[in-house]
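Down below is the structure, laid out as structure tokens.
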Amino acid sequence: QVQLVESGGGLVQAGGALRLSCAASGSTFSAYNMAWFRQAPGKEREFVATIIRSGSTTTYGDSVKGRFTISRDNAKNTVYLQMTSLKPDDTAVYYCAASSRSYSRDPNDYAYWGQGAQVTVSS
């Protein structure tokens, strides 16, 4: 079982950048595919990005493609989400998630979740 803790959220102006981190503990980090999801008030949880165990393959949601970058450092047991050209529509709670089985856009495929980090983008 893996425990996940996000950090790096905050308030940023439109057009700015922010980097989220998700530190994992309790299990072998490199055994998990990792993902970021987000949820805005009144909306469903939305897929943001995912990265395979080795870090060699990534997939992005259409709304963030070209602006966000997911990466991981298996030596530091951490996955990152670099966000650039932020827009007010990016405002949400961002969650990292881990799956030992799936490389997927579906949040139901992820068994382990962090507590979330608030990102607010002002116009």
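The values are calculated or read from the model by the stated rules, or taken from the named source; none is laboratory data. Everything numeric here is computed off the predicted structure, so don't read it as measured data. Counting neighbours? That spans all protein chains shown, and the Cβs are built from the backbone with ideal geometry, glycine included. Protein only, heavy atoms only, side chains kept; ligands, DNA and RNA dropped before computing areas. Shrake-Rupley method; radii C 1.70, N 1.55, O 1.52, S 1.80 Å.
Overview of results
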| read-out | value |
| --- | --- |
| Options Ser27, Ser85: the member that is assigned to a loop (DSSP other than H, G, I, E, B), at pLDDT below 95 and of a type in the set (S, T, N, Q) | Ser27 |
| Test: residue in the stretch 65-75 that is open to solvent by less than 60 Å² (accessible area, probe 1.4 Å) and assigned to a loop (DSSP other than H, G, I, E, B) | yes |
| Hits in the stretch 1-38 (condition: within 14 Å of the chain's Cα centre (by Cα), within 19 Å of Phe68 (Cα to Cα) and either open to solvent by 60 Å² or more (accessible area, probe 1.4 Å) or among the small types (Gly, Ala, Ser) (or both)) | Ser7, Gly8, Gly9, Arg19, Ser21, Ala23, Ala35 |
| Identity of the residue in the stretch 76-100, crowded, with 16+ Cβ neighbours inside 10 Å and of a type in the set (Val, Ile, Thr), that ends up nearest to Val121 (Cα to Cα) | Thr91 |
| Yes/no for Thr28 being touching a strand residue (DSSP E or B) at 6+ places or on another chain (Cβ under 6 Å) and among the β-branched types (Val, Ile, Thr) | no |
| Candidate set: the stretch 39-58, residues that are of a type outside the set (Val, Ile, Thr) and in contact with a Gly (Cβ under 9 Å, 6 or more places away or on another chain); chosen: the one farthest from Val93 (Cα to Cα) | Ala49 |
| Members of the stretch 101-120 that are open to solvent by less than 60 Å² (accessible area, probe 1.4 Å), among the polar types (S, T, N, Q) and modelled with pLDDT of 95 or more | Thr120 |
| Filter result (within 14 Å of Cys96 (Cβ to Cβ) and among the hydrophobic types (A, V, I, L, M, F, W, C)) within the stretch 108-123 | Ala111, Trp113, Ala117, Val119 |
| Contacts under 6 angstrom Cβ, first residue in the stretch 40-60 being open to solvent by 60 Å² or more (accessible area, probe 1.4 Å), partner small (Gly, Ala, Ser), 6 or more apart | Arg53/Ser30 |
| Looking only at the stretch 93-103, and only at residues there that are touching a strand residue (DSSP E or B) at 6+ places or on another chain (Cβ under 7 Å) and in a loop (DSSP other than H, G, I, E, B), the one that is farthest from Ala14 (Cα to Cα) | Ser102 |
